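Some notes on the structure that comes next.
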Ligand code: AMP
């Protein structure tokens with residue numbers, strides 16, 4: 001199974017992508033996670049992209065294409081993958097097409113999670129990440145302790161989740177990434193799902209939508 005999950009920042013791509021990837025036994029390839037890992041480790045690539053990341057801007061296309069090409073050739077991607085947060089521009093989508101063609105692969109479906117802007121801002125500003133186990137939670141779901149519900153670790157805010165940067169990221173999404181919905185509607189077919197409501201219900205809608213397009 002080879003899937004893309006698309007949607008604006010805060011739409012739930014990470015949460016739903018992780019669940020779908022687990023259900024299908026495929027890795028979730030998240031360029032955002034790869035970039036955060038490089039930043040944390042202080043690698044050369046991390047230093048090269050830090051400024052873009054902190055400002056909420058897109059890192060150069062060739063950087064993410066390189067990360068994805070590497071991930072495609074890892075043994076874990078042998079039976080497929082779910083792409084989360086990639087592609088984000090038309091040149092990235094073209095580059096992805098080339099990478100797939102070179103490997104004789106095709107996409108089974110492109111999923112789009114739809115969430116209104118007001119809810120995106122509310123979700124992102126309340127998002128917290130565990131500094132220990134990296135699980136993602138929302139302030140509204142926390143008990144009085146304010147600790148990670150999974151492991152009791154310290155929760156922190158992602159450096160690009162501050163209000164100002166969130167506005168930039170939403171604008172970048174509208175300008176650079178949203179045009180990909182029409183691109184994929186034409187090239188592969190787009191499977192759109194309402195991304196509001198209970199997490200379990202959204203997951204069920206995604207699975208049903210995949211069945212509906214014969215991708216399960
Ligand atoms: P995400 O975790 O997917 O929201 O990505 C966080 C940040 O990582 C973005 O705001 C960009 O700075 C960078 N990033 C992640 N994926 C990409 C991509 N496909 N193209 C360019 N920049 C990306």
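The values are calculated or read from the model by the stated rules, or taken from the named source; none is laboratory data. Computed from a predicted structure; not experimentally measured. Methodologically, a virtual Cβ is constructed for each residue, glycine included, from the backbone with ideal geometry; neighbour enumeration extends over all protein chains shown.
Taken together, the residues in the range 35-58 that are over 23 Å from residue 171 (Cβ atoms) and touching a helix residue (DSSP H, G or I) at 6+ places or on another chain (Cβ under 6 Å) amount to 3.
Out of the residues in the range 36-54 meeting the condition of being surrounded by 14 or more Cβ atoms within 10 Å (Cβ to Cβ) and closer than 25 Å to residue 119 by Cβ, tell me which one is nearest to the ligand (Cβ to nearest atom). The selected residue is 53. Can you find even one residue in the range 76-91 that is closer than 24 Å to residue 214 by Cβ and either modelled with pLDDT under 95 or exposed (fewer than 15 other Cβ atoms within 10 Å of the Cβ) (or both)? Yes, there is a match, as at least one residue in the range 76-91 is closer than 24 Å to residue 214 by Cβ and either modelled with pLDDT under 95 or exposed (fewer than 15 other Cβ atoms within 10 Å of the Cβ) (or both). Screening residue 94 with (1) within 17 Å of residue 180 (Cα to Cα); (2) under 18 Å from the mean Cα position of the chain (by Cα); (3) within 14 Å of the ligand (Cβ to nearest atom) gives one miss only, at (2). For the range 63-85, the criterion of being free of Cβ contacts under 8 Å to residues at least 12 places away in the same chain, within 12 Å of the ligand (Cβ to nearest atom) and within 27 Å of residue 170 (Cα to Cα) is met by at least one residue.
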